[in-house]
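Q: Supplied in structure tokens, the structure appears directly below.
The values are calculated or read from the model by the stated rules, or taken from the named source; none is laboratory data. Model, not experiment: these values are computed from the prediction. So basically every Cβ, Gly included, is an ideal-geometry build from the backbone, and we count neighbours across all protein chains shown.
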Amino acid sequence: PHSALGYQTPAGFALHLTTAIARPAARDESSARRAIAQPAPTGVNDHQAPVAAG
């Protein structure tokens, strides 16, 4: 059942994973970009545009 993991257990596979970002997150007072997406600012909507069927 774990063929996508090279037939390892999930825990064994996880031992060999590396993080996506090899540097620490930016500090709050710095101007560097953050490593993880932040929540949308107030006033930004997440509604999708309607798509006509057919």
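Q: Residue pairs, Cβ under 8 Å, 6 or more apart or interchain, first in the range 32-54 and assigned to a loop (DSSP other than H, G, I, E, B) and at pLDDT 70 or above, second of a type in the set (A, V, I, L, M, F, W, C) and loosely packed, with under 10 Cβ neighbours inside 10 Å. List them.
A: 46/40
Q: OK, next. For the range 7-22, check the following and say yes or no: at least one residue is surrounded by 10 or more Cβ atoms within 10 Å (Cβ to Cβ), modelled with pLDDT of 65 or more and either in contact with a Phe, Trp or Tyr (Cβ under 8 Å, 6 or more places away or on another chain) or of a type in the set (D, E, K, R) (or both).
A: No - not one qualifying residue is present in the range 7-22.
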